[in-house]
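The structure under discussion appears below in the form of structure tokens.
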Amino acid sequence: MKILIVEDEPKTSEYLRQGLTEAGFRVDLARNGLDGHHLANTERYDLIILDVMLPDIDGWRILQSLREAGKHLPVLFLTARDSVNDRVKGLDLGADDYLVKPFAFAELLARVRTLLRRGGTNSVDANLTVADLELDLMRRRATRTGQRISLTAKEFALLELLMRHQGEVLPRSLIASQVWDMNFDSDTNVIDVAIRRLRAKIDDAFEPKLIHTVRGMGYMLEASGEA
Amino acid sequence: MAMRPLSLATRLTLFFAVAAAVVFPIFGWVISREMEDHFEEGDSAELAIISDAVIEALAGVQSASDLAPVERRFDDILIGHHSATLYIAKDDGQLVYSSSAHPDLSGIGRAAIGAPEGDTIQLVNADDQAYRVLVRRTSRDHPALPDVHTVVVATPIDYHLTFLASFRRTLWLMIASSVVVMSVMGWIAVRQGHAPLREIVNRMRRVSANERAREIPPESVPRELSDLALSFNEMLRRMDDSFQRLENFNADIAHELRTPITNLMTQSQVALSRARTIDEYREILYSNVEEYDRMAQMVGDMLFLAQTDNGGSKRESIAIDLAAEINALFDYYEAWADERDVSLRLAGTVTVVGDRLLFQQALGNLLSNAIRHSPSGGTVLIELGRADDGAATIAVENPGTPIPAEDLSKIFDRFYRVDPSRQRGGEGAGLGLAIVKSIIDLHEGTIEASSDDRGTRFHIKIPEVAKAP
């Protein structure tokens with residue numbers, strides 16, 4: 001998977017490149033709008049991360065020229081202004097998602113993966129399996145080592161999200177937005193409590209533990225990994 | 001485009017000038033009429049006295065021979081009545097007496113023949129002189145004067161007219177200068193009268209963010225301006241209050257940011273002071289990430305507040321079923337509330353128009369605040385309804401220790417915490433309720449807090465149909 005980052009801030013762009021490379025992506029970096037515009041229109045990418053505020057050609061122009069050229073690869077734009085206008089404008093111009101600076105890297109990674117998956121064949125699995133944990137999506141049933149585990153609707157949705165993104169760190173804000181459709185930063189530990197309850201049902205009585213806390217970033221479900 | 005109204009000084013000066021220009025000439029006209037009447041009466045009385053004396057003298061005369069001594073008496077009568085002249089004739093045209101040829105009174109005497117008895121006064125111009133002339137016809141029944149006589153007495157009145165003319169000239173000159181003086185005085189009076197206004201203006205001009213202007217004591221200005229002074233003082237107090245809040249806010253931002261930065265710096269410097277194990281470094285980075293996260297959230301919240309303060313960003317206006325939103329929020333907070341042994345209850349239903357995400361955030365903040373401050377075993381109650389004026393009402397109530405009144409008024413202030421010692425206890429930066437208020441403001445609603453032994457209650461009112469921005 002090849003990603004283009006168009007970002008003029010040197011430190012930000014360098015860390016984004018490092019982070020995404022280490023997450024297994026091939027990354028090209030453009031440090032100004034002209035280079036970004038050129039690369040985006042000549043090379044083949046699976047996704048573009050676009051800073052809106054660029055010194056020469058702004059992100060909107062690049063996005064517009066891409067869409068006019070009939071390229072429909074996913075575009076995630078970064079904006080420093082948390083303004084609804086920016087959001088609306090970006091989405092109107094055909095961007096697929098956006099992030100407001102400052103953002104958590106885990107959040108960016110999760111969104112990038114979601115966007116890349118959306119483009120590909122979206123597997124409509126009837127079942128999700130991680131180790132000995134199974135989720136029957138049709139009958140809304142969860143089992144571990146064959147034992148039936150009763151979950152509330154939200155717990156089921158939370159587990160489904162974690163299993164669909166197994167091996168990925170999911171930030172709390174993403175979990176709140178995906179499972180509960182809550183799109184604001186809560187100053188409470190609601191997600192931690194919900195995860196604790198889910199753990200009590202699927203992890204406490206079993207080995208190995210599947211739900212892992214990634215400090216400072218979020219939660220991850222993985223069959224074998226360090227805590 | 002409407003013309004700018006005339007200045008107050010011009011208006012009042014014009015008013016004074018017009019008033020003076022109307023009143024003074026009327027006054028002058030009345031005075032000069034009085035003067036003329038006075039002179040006319042004086043002249044008429046004098047002429048009547050002369051003719052009375054003449055007729056008395058004439059009464060003794062029976063024939064032309066007796067006339068000579070009487071003529072001398074006529075001369076005596078005329079002396080002392082400055083240059084009066086006399087003409088007497090009988091109806092048959094016989095001239096009895098004429099004091100002088102100038103002015104020629106014979107024409108007037110002849111013209112009066114046949115007129116009824118009595119006096120007539122007339123003005124006559126002769127030889128470039130003006131005269132007042134009395135024509136008296138004696139009575140047919142006069143006991144001592146069987147023949148009807150015509151007595152004509154004239155007195156020159158030029159000196160009266162000269163005097164009157166000069167008097168009038170002086171009078172009109174005075175009137176004209178009075179109008180000018182009045183206008184100037186009016187202008188000065190207006191300027192003087194406006195002095196307290198200018199003083200207020202000067203004080204207002206000195207008001208700035210840096211210098212808090214002094215208040216204007218209402219008793220130091222004329223009564224008409226005391227309302228203005230009072231409003232000005234009130235405005236000053238409100239601005240003072242805002243400045244104070246702003247200053248506190250800036251200080252709070254600095255303080256809130258200083259703490260995590262100090263933590264980060266100290267921790268990193270201590271970590272670098274000697275070699276550590278990988279795990280120790282990892283631990284430090286984790287802890288740093290937590291601090292960064294907190295700062296990022298705070299900056300995000302402050303940006304949000306700054307935007308809503310500036311009139312708010314464009315927002316959607318859709319119908320929102322608040323009961324559904326609150327049930328979703330209950331779903332979200334349920335596990336957390338459950339762990340704290342707090343139950344959640346919703347009563348009523350209402351639909352408002354506004355931005356769904358903003359309402360979600362406002363209600364979410366209020367709900368988490370209520371859950372956090374409820375004691376174990378308590379119930380957070382949200383009531384939805386309609387006020388008498390059709391507005392949507394939302395009441396969020398939680399049991400707990402009452403909040404003192406002086407804290408209640410500041411509860412929506414940024415960074416305000418009822419209990420300062422509870423800072424940074426994992427409950428955000430104290431911006432939650434400030435955000436709630438700014439969201440409600442954005443929807444043209446109101447929010448109030450009340451607190452007593454039963455608990456704390458937030459009352460929100462939202463106009464049912466929000467106007468499109």
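The values are calculated or read from the model by the stated rules, or taken from the named source; none is laboratory data. In this text the structure is predicted, and so the values were computed from the model without any measurement. Neighbour counts run over all protein chains shown; Cβ positions are idealised from the backbone, glycine included.
Among (1) away from chain B (no Cβ under 14 Å); (2) surrounded by fewer than 18 Cβ atoms within 10 Å (Cβ to Cβ), which single condition is A:ALA80 missing?
Going through (1) away from chain B (no Cβ under 14 Å); (2) surrounded by fewer than 18 Cβ atoms within 10 Å (Cβ to Cβ) one by one, A:ALA80 breaks only (1).
Just a yes or no: is a residue in the range B:275-298 in contact (Cβ under 8 Å) with a residue 40 or more places away in the chain, more than 21 Å from B:GLY364 (Cα to Cα) and not assigned by TED's automatic domain parsing to the domain that holds B:SER376?
no
Suppose we filter the range A:141-173 for residues that are part of a loop (DSSP other than H, G, I, E, B) and of a type outside the set (A, V, I, L, M); how many remain? Working first, answer last.
Step one: list which residues in the range A:141-173 are part of a loop (DSSP other than H, G, I, E, B), which gives A:145-146, A:150-152, A:165-169, A:171.
Of the ones still in play, those that are also of a type outside the set (A, V, I, L, M) are A:145-146, A:150, A:152, A:165-168, A:171.
The number of residues fulfilling the criteria is 9.
Hey, which of the strands (runs of 3 or more DSSP E) in the range B:68-154, taking only ones fully inside, have at least 1 residues that are on the phi < 0 side of the Ramachandran plot and in contact (Cβ under 8 Å) with a residue 60 or more places away in the chain?
The strands (runs of 3 or more DSSP E) meeting that bar are B:85-90, B:118-126, B:129-137.
Is it fair to say A:LYS154 is over 24 Å from A:LEU16 (Cβ atoms), within 14 Å of chain B (Cβ to nearest Cβ) and of a type outside the set (Gly, Ala, Ser)?
Considered against the rule, which asks whether it is over 24 Å from A:LEU16 (Cβ atoms), within 14 Å of chain B (Cβ to nearest Cβ) and of a type outside the set (Gly, Ala, Ser), A:LYS154 comes out as yes.
Which condition number in (1) under 51 Å from the mean Cα position of the chain (by Cα); (2) surrounded by fewer than 22 Cβ atoms within 10 Å (Cβ to Cβ); (3) under 16 Å from A:ASP187 (Cα atoms) is the one that B:VAL353 fails?
Every condition holds for B:VAL353 apart from (3).
Only one residue in B:SER44, B:SER98 is under 30 Å from B:PHE167 (Cβ atoms), surrounded by 13 or more Cβ atoms within 10 Å (Cβ to Cβ) and in the same structural domain as B:ALA154 (by TED's automatic domain parsing), so which one is that?
Of the residues listed, the single one that is under 30 Å from B:PHE167 (Cβ atoms), surrounded by 13 or more Cβ atoms within 10 Å (Cβ to Cβ) and in the same structural domain as B:ALA154 (by TED's automatic domain parsing) is B:SER44.
Output the residues belonging to the range B:231-285 that are farther than 18 Å from B:MET302 by Cα and hydroxyl-bearing (Ser, Thr, Tyr).
Passing the criteria: B:SER231, B:THR262, B:THR266, B:SER268, B:SER273, B:THR277, B:TYR281.
Exactly one of these conditions fails for B:TYR159: (1) aromatic (Phe, Trp, Tyr); (2) farther than 30 Å from B:ALA9 by Cβ; (3) surrounded by 13 or more Cβ atoms within 10 Å (Cβ to Cβ). Give me its number.
(3)
So how many residues does the range B:356-365 have that are more than 9 Å from chain A (Cβ to nearest Cβ) and more than 45 Å from the chain's Cα centre (by Cα)?
So the answer is 2.
Inspect all residues belonging to the range B:231-238 and state whether any of them is more than 10 Å from chain A (Cβ to nearest Cβ) and within 23 Å of A:ARG172 (Cα to Cα). If you could, list the steps in order and put the result at the bottom.
First pass over the range B:231-238, keeping only residues more than 10 Å from chain A (Cβ to nearest Cβ): B:231-238.
Still in the running and within 23 Å of A:ARG172 (Cα to Cα): none.
Among the residues of the range B:231-238, not one is more than 10 Å from chain A (Cβ to nearest Cβ) and within 23 Å of A:ARG172 (Cα to Cα), which makes the answer no.
Mind listing just one residue for me: the one in the range B:270-298 that is at the interface with chain A (Cβ under 10 Å from one of its Cβ atoms) and among the basic types (Lys, Arg) and, of those, farthest from B:HIS255 (Cα to Cα)?
Looking at the filtered set, the residue picked out is B:ARG282.
Out of the residues in the range A:163-173 meeting the condition of being more than 18 Å from B:ASP331 (Cβ to Cβ) and touching a residue at least 40 places away in the same chain (Cβ under 8 Å), tell me which one is nearest to the other protein chains (Cβ to nearest Cβ).
Taking the candidates together, the pick is A:PRO171.
Within the group B:ALA323, B:ALA391, B:ALA395, B:ALA387, which residue is touching a residue at least 24 places away in the same chain (Cβ under 8 Å), touching a Pro at 6+ places or on another chain (Cβ under 6 Å) and surrounded by fewer than 20 Cβ atoms within 10 Å (Cβ to Cβ)?
B:ALA391
Give all pairs with beta carbons closer than 6 Å in which a residue from the range B:329-343 that is at the interface with chain A (Cβ under 8 Å from one of its Cβ atoms) meets a residue that is part of a helix (DSSP H, G or I) and small (Gly, Ala, Ser); count only pairs at least 6 apart in sequence or on separate chains.
B:LEU329/B:GLY364; B:ALA335/A:ALA194
Taking the range B:245-284 on its own, how many of its residues are surrounded by 14 or more Cβ atoms within 10 Å (Cβ to Cβ) and assigned to a loop (DSSP other than H, G, I, E, B)?
Result for the range B:245-284: 1.
How many of the residues in the range A:179-225 are within 7 Å of chain B (Cβ to nearest Cβ) and either farther than 30 Å from B:GLY430 by Cβ or not in a loop (DSSP other than H, G, I, E, B) (or both)?
5
Among the residues of the range B:19-30, which ones are aliphatic (A, V, I, L, M) and surrounded by 13 or more Cβ atoms within 10 Å (Cβ to Cβ)?
B:ALA19, B:ALA20, B:ALA21, B:VAL23
How many residues are without any contact (Cβ under 8 Å) to a residue 24 or more places away in the chain, outside any loop (DSSP other than H, G, I, E, B) and over 20 Å from A:ARG164 (Cα atoms) when one looks only at the range A:84-116?
9
Does A:ALA176 fit the bill of being at the interface with chain B (Cβ under 10 Å from one of its Cβ atoms), within 15 Å of the chain's Cα centre (by Cα) and either part of a helix (DSSP H, G or I) or among the small types (Gly, Ala, Ser) (or both)?
yes
A:GLY36: more than 14 Å from every other protein chain (Cβ to nearest Cβ), part of a loop (DSSP other than H, G, I, E, B) and not β-branched (Val, Ile, Thr), yes or no? Quick ask: steps written out before the conclusion?
Details: more than 14 Å from every other protein chain (Cβ to nearest Cβ): yes; part of a loop (DSSP other than H, G, I, E, B): no; not β-branched (Val, Ile, Thr): yes.
In short, no.
Would you say B:LEU14 is in a helix (DSSP H, G or I) and in contact with a strand residue (DSSP E or B) (Cβ under 9 Å, 6 or more places away or on another chain)?
In short, no.
Can you say whether B:SER63 is assigned by TED's automatic domain parsing to the domain that holds B:TYR131, within 21 Å of B:VAL148 (Cβ to Cβ) and modelled with pLDDT of 80 or more, as far as the supplied structure shows?
Spelling it out, it is not the case that B:SER63 is assigned by TED's automatic domain parsing to the domain that holds B:TYR131, within 21 Å of B:VAL148 (Cβ to Cβ) and modelled with pLDDT of 80 or more.
If you check B:GLU316 against the conditions, is it farther than 19 Å from B:GLY430 by Cβ, outside any helix (DSSP H, G or I) and either more than 39 Å from the chain's Cα centre (by Cα) or within 14 Å of chain A (Cβ to nearest Cβ) (or both)?
When the stated conditions are applied, B:GLU316 passes them.
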